[in-house]
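The values are calculated or read from the model by the stated rules, or taken from the named source; none is laboratory data. Remember, predicted model here, so these are calculated numbers, not experimental data. Here Cβ is always computed from backbone atoms with ideal geometry, including for glycine, and neighbour counts include all displayed protein chains. Heads up: the accessible areas ignore ligands, DNA and RNA and are worked out on the full protein's heavy atoms, side chains in. Shrake-Rupley method; radii C 1.70, N 1.55, O 1.52, S 1.80 Å.
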Amino acid sequence: QLSMEQEQPQVPKASSGDADVAVRESADAATISVSPIGRSTRVSQSTPEPTVDAQLKEQNLLFEQLQGPDGLNAVTRRFTHSVDVVRCALEFYKNLAEIEDTYAVALTKLLRSPCYTFKQKFLRNLMRNDEIVEFGSLDAGWKKLGQVVQKVANHHKEQASNIIERVRLPLERCLPRLEESKSELISQSKAMIRDLQASEKHVEIEKKQYMKLSEEAEKLRVQKAKLEQDVFANSAAAPKVNMKL
């Protein structure tokens, strides 16, 4: 009796004010945003908007990353990955539509099966081969259950049709164009990289030639200055010789 009379510990109930605080705290939680260069960063809703200088700095950084062969390879790689994403999405929605349609067909088949129509062999024998079975009070509920199952089957059939018409078929029409664009981009990128490498090589050759000519010009400038000094010295010494004579 003493154990039965022991008081149970009271669990504090959350007030409406506590619920409001929890909602505000969840609203202030960090959210995920994607930067223009494709990196996920964790920011808070209270973070101020970036200034114009910060945006320009980020754009300049992105522009620097897309310079030269590395930039062309990055663009080609990103586009190739995008095409792969579209291909995977197409396969996903194709499988999803098939699953929806298969499920709808299975539900419709279930409603036609003996387990729903009550035409099993033992029932026919029990009712003396009479295929009409009296359900009694089960009739209304059983029919309602069949209507609900048929409604679910129709819904999934419609879902399969919507996925095919609104998602799968547009992706199937779009994918060949993306594949063609990808092939053109890869071909153009390779040609541009070859031209860029040839240009860089030509610039390097011209730079070496320029440095060589610049060194020769510097030597000639020094020789010219020395010759001018010698001529000036000779021309200044001539009058003194004449005076001595």
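For the residues Leu111, Leu72, the requirement of being under 30 Å from Asn154 (Cβ atoms), in a helix (DSSP H, G or I), modelled with pLDDT of 65 or more and not hydroxyl-bearing (Ser, Thr, Tyr) singles out Leu111. Condition check for Ser189 on (1) open to solvent by less than 60 Å² (accessible area, probe 1.4 Å); (2) at pLDDT 90 or above: one failure, at (2). In the range 30-69, the qualifying residues are those that are over 30 Å from Glu179 (Cβ atoms), open to solvent by less than 80 Å² (accessible area, probe 1.4 Å) and not in a helix (DSSP H, G or I), and the one that is modelled with the highest pLDDT is Pro50.
For Asn129, are the conditions met, namely being part of a loop (DSSP other than H, G, I, E, B), open to solvent by 50 Å² or more (accessible area, probe 1.4 Å) and either of a type in the set (S, T, N, Q) or at pLDDT 90 or above (or both)? Here the answer is yes, as Asn129 does meet what is asked.
Anything in the range 160-187 that is farther than 14 Å from Val75 by Cα and among the acidic types (Asp, Glu)? List them, or say none. Matches in the range 160-187: Glu165, Glu172, Glu179, Glu180. In a residue-by-residue description of the range 157-176, the property of being surrounded by 10 or more Cβ atoms within 10 Å (Cβ to Cβ) and more than 30 Å from Thr108 (Cβ to Cβ) applies to at least one position.
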